[in-house]
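One structure is given below, encoded as structure tokens.
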Amino acid sequence: MLVTPPETRDQSPQKSHASIIAACSPHAQRVLEGWRRLRDLRNGAVCTLDGESLGLVEVVAVAKYGTKPRLSDNPEISQRVDQSIETLHKQLEGGDLVYGVTTGFGGSASTRTTDLESLQRGLVQHQNSGVLSSKDVGRTQQTSPILSESPSHDYDADFDTQAQPTAWVRAAMLTRCNSIIRGHSAVRQDVAETILALLRHDITPIVPLRGSISASGDLSPLSYIAGAIEGNPDIFVRCGRGADRVMSAQEALEQAKIQPVILRAKEGLGLLNGTAFSAGTASLALNQAQDMTIISQVLTSMGVEALTGTAESFWPKIAAMRPHPGQIECAANILAFLDGSKLAKCVGGPKDTKVTGLFQDRYAVRTAPQWVGPQIEDFVHATNQIQRELNSTTDNPLIDTEDDHILHGGNFQAAVVTSTMDRTRLCLERLGRMLFAQATEIINPTLNNGLPANLASDEPSLSFTCKGVDINMASYASELGFLANPVGNHVMSAEMHNQAINSIALISCRYTFQALDVLRIMSSTYLFVLCQALDLCVLQIESLKASEVEVQGLIFKHFGALGRGQCGALQASVWSKVLATWPTTTTLDLSGRCAKTADAVIEDVVRYLSRSDTATMGVSEIVTFSAALKRALELVYNNTRNEMYAKYLNITPEYLGKASHRMYTFVRQELGIRFHRGLIEHPTQPVEGKMDAGKAAERKTIGSQISIIYEALKSGQLTDTLMEIVEESMKTRAENVTT
């Protein structure tokens, strides 16, 4: 557990190949730039739609943070929209059939009609077929006669809502507008302006959670947006920035003075027949997944420190010999996150080739670059795919204004979104699997390099601090593994076998959000574990440093007759045995730890004295020394522990690398999650003068403390800290290149 003081370290081998790590950080750089762009949008920058440049960050800003969108004033947009409408009318005037304009839909395309507006209303009508609860639409619950005879106790789980989150719907509204202004849909610009007006007035349709197979686009969900702009009195909307008022679409349009839309030829199909819900929702999911990729690397660097592991695994020469961009980037990130650490080995210096114990770290930390690297590359690829989808035309038929053609195809098939979301969930599972392995290693006293059992800072016979957490992590990892299963292979033939293959992309998106939430819970739990482990690691180091001084004094006190030289040699032997024994006693209470360590020393003392020509010590003196050593070790550890309890905010950060320092400070200071003192922290445990009344009143369960971290991660409060860490790591890499 002892570390090399920074002043004794040589120039680090990781300085070589610095140009490689500087050149291979596209993912972290992209996440950082996206965060900066989102900050600007939240601070008043405008989201302008032009059909070509909508990005994930803009979708997030409008969907989650209320950024006001508008159409670009580029005259080419209105020109291409008008041209698409003119081309459609020209085809109709020529007597040509146009799918969904003069024919029925899907397997009913054999029907014909000349009532073009009614046909569009008929499309919206048959797709307004999803299920919403009374709670969702603000209605008074109407109990059926059969249910009224049921027992009063509800044995069924209440899943609370059958409606999509407001952010998902807003993302879809923005994405659909960006698609139809591309000029291939024959939908008037006024229709897009009406949808954007809803967004600007914070009017969001209430859309069923289920019912889309994302084949002919997200038909049913998009029909509720169409119904809202029609002013349908039986389509409901949430109003206000907090989406806290529910009313009919008709009433909401009247209050906002927005004119209802009468859908003209093809406009209903142009709104419904597209991947807007899948692409918009995938954008939100991928944006969150980027943060989880970064935090997994930060937590790994903290894990290396908590285990007093080595930074050698992240040296650029290793990654350069297997030059996958994701592996190179992950290694460079973790190495930069460890900069300044006094706990991890090989940070700023060469490795110790004569170290005792485990010579290299276990896979969970040592192979993190090889494990996370492919996920980074997949996320970059997935982001590029969704970015293209946001700026694509995804309905049918398509208007080709250049050649005056109407093209019938399948751009509405959202398989690309299914692919990205299925792959994203698999990546999230990989990240969670790694965090699970690291957390269980740190909690396990047989693997954690001398940390106390279950990371209990008090007596392990009564206190089992992280044992429940250990079990929780297994549960989370199992659920995440289930959610990683692909959705795309559960396709059912639909709609008269016309939609015999369909993407079910929106379903895949929905499960991706579940996976994200499970991974957030795992990350929050692991962060709690890491902060506890780092405090205990520092406690271990501080107590051993103080104990070494005490051992020296005891040796000279009890064996001074041997002379300074022999006392020094005996001290080295005794201290070596203390260092070897102490980490093996972590499952014992403090008194037992100290007794076992002191007993282990006796054999070395006897052996040393038996080889000395001048030694005349008897058994009683040796026993006396052992008892004194036990008392000294116990006193030192108790005093150091009490000092840590009082001053951990000042002591622990001094040992930490840049990333760990920032994360630890965020948890301990900004969130107020204290160093866990053990059983005394339990809210019902009697307090006997070991904790002041204020702190006693603030005691929380372990779950409540982890929940605070989870809320900070879910709300985005932790994102700013993560991005500050990324910015700092970029500076570190730039400095390495200069060096």
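A few remarks follow.
- Breaking point among (1) surrounded by fewer than 24 Cβ atoms within 10 Å (Cβ to Cβ); (2) without any contact (Cβ under 8 Å) to a residue 60 or more places away in the chain, for Gln259: (2)
- Residue within region 429-444 that is outside any helix (DSSP H, G or I) and not small (Gly, Ala, Ser) present: yes
- Taking the listed residues Thr204, Thr161, the one that is of a type outside the set (A, V, I, L, M, F, W, C) and assigned to a strand (DSSP E or B) is Thr204, with no other qualifying.
- For region 114-134, the set of residues classified as of a type in the set (Ser, Thr, Tyr) and touching a helix residue (DSSP H, G or I) at 6+ places or on another chain (Cβ under 8 Å) consists of Ser129 only.
- The set of residues in region 87-100 that are surrounded by 14 or more Cβ atoms within 10 Å (Cβ to Cβ) and touching a Ser or Thr at 6+ places or on another chain (Cβ under 9 Å) comprises Thr87, Leu92.
- Any chance Gln120 is within 18 Å of Asp218 (Cα to Cα) and either under 47 Å from the mean Cα position of the chain (by Cα) or in a helix (DSSP H, G or I) (or both): yes
- Filtering Glu52, Glu93 for residues that are over 30 Å from Leu209 (Cβ atoms) and modelled with pLDDT under 95 leaves a single hit, Glu93.
- Of the residues making up region 542-590, those that are under 52 Å from the mean Cα position of the chain (by Cα) and part of a loop (DSSP other than H, G, I, E, B) are Thr586, Thr587, Leu588, Asp589.
- Residue in region 387-409 that is assigned to a helix (DSSP H, G or I), at pLDDT 95 or above, closer than 14 Å to Ser508 by Cβ and over 20 Å from the mean Cα position of the chain (by Cα) present: yes
- When region 231-248 is filtered for residues that are buried (at least 24 other Cβ atoms within 10 Å of the Cβ) and within 28 Å of Asn391 (Cα to Cα), only Val237 remains.
- Leading residue by the ranking (surrounded by the most Cβ atoms within 10 Å (Cβ to Cβ)) among those in region 283-315 that are outside any helix (DSSP H, G or I) and of a type outside the set (Gly, Ala, Ser): Leu307
- Qualifying residue in region 71-85 (condition: β-branched (Val, Ile, Thr), in the same structural domain as Leu174 (by TED's automatic domain parsing) and not in a helix (DSSP H, G or I)): no
- Among the candidates Phe464, Phe482, the residue that is part of a loop (DSSP other than H, G, I, E, B) and over 16 Å from the mean Cα position of the chain (by Cα) is uniquely Phe464.
- Of residues in region 101-112 being part of a loop (DSSP other than H, G, I, E, B) and at pLDDT below 95, the one farthest from the chain's Cα centre (by Cα): Ser110
- Where helices (runs of 4 or more DSSP H) fall entirely within region 645-732, those with at least 3 residues that are at pLDDT 95 or above are at 658-665, 702-715.
The values are calculated or read from the model by the stated rules, or taken from the named source; none is laboratory data. None of these values were measured; they are calculated from a predicted model. Don't worry about glycine lacking a Cβ; one is built from the backbone with ideal geometry, like all the others, and counts go over all protein chains shown.
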